Amino acid sequence: MDKDREYRDFIGEMIEASGKKDEFKGNGKPLPKDYMKRDVFQNFQKTAKDAGFLPPWLKLQKEISLLVHAAETESDIEAINKKIRKHNGMCPAPMQKRLVTLNNLEKAKEIW
């Protein structure tokens, strides 16, 4: 490497020049070893999951599951299908579910 193109730590130089070098201490936890192996979105997903965050479509999915298991009438099925349509519009394509009928209610209970 050329001496003209040597690496310079500008931030470090500014801190030293300010006379406050010893005031900067690492206060946070060190990053996990696998942190740099994941991309930004994957790190966000892990952080959100660890914090207990659920996407709205997953909350709706849990609500639909409870309704499916309690359904008995055609009006129950209509309310469930309305929520399934909303769920399908919010979630990733592979997670979308079929509508429920009285005929396939028992199968839907297994799926949900």
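Quick note: the coordinates plus some simple rules give every number you see, no bench work behind them. Treat the numbers as computed from the prediction; the structure is a model and nothing was measured. Glycine also receives a Cβ, built like all others from the backbone with ideal geometry; neighbour counts cover every protein chain displayed.
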C-alpha long axis of helix 56-70 to longest principal axis of the chain, angle in °: 30
With Cα atoms, 0 to 90° folded angle of helix 74-90 axis to the chain main axis: 20
Protection-proxy order for peptides 57-63, 33-39, each taking the mean of Cβ atoms within 10 Å per residue, highest first: 57-63, 33-39
Which labelled figure in [x] 6.9; [y] 13.2; [z] 7.3 is mean projected area of the Cα convex hull in nm², once derived from the coordinates: [y]
J(HN,Hα) series, region 103-108, from Karplus relation 6.51 cos²θ - 1.76 cosθ + 1.60, nearest Hz, glycine and proline x: 5, 10, 4, 5, 5, 4
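Between Phe44 and Ser65, what is 0.36 nm times their sequence separation minus the Cα-Cα distance? Round to one decimal in nm. Could the numbers behind the result be given before it?
Working: separation 21, 0.36 × 21 = 7.56 nm, distance 2.69 nm.
Stretched fully, the Phe44-Ser65 segment lengthens by 4.9 nm.
Against the empirical 2.2 N^0.38 Å scaling, what ratio does the C-alpha Rg of region 56-111 come to? Numbers along the way, then the final one.
Details: Rg = 10.4 Å, N = 56, 2.2 N^0.38 = 10.2 Å.
Region 56-111 yields a ratio of 1.02.
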By average C-beta atoms within 10 angstrom, highest first, the peptides 40-51, 75-86, 96-107: 75-86, 96-107, 40-51
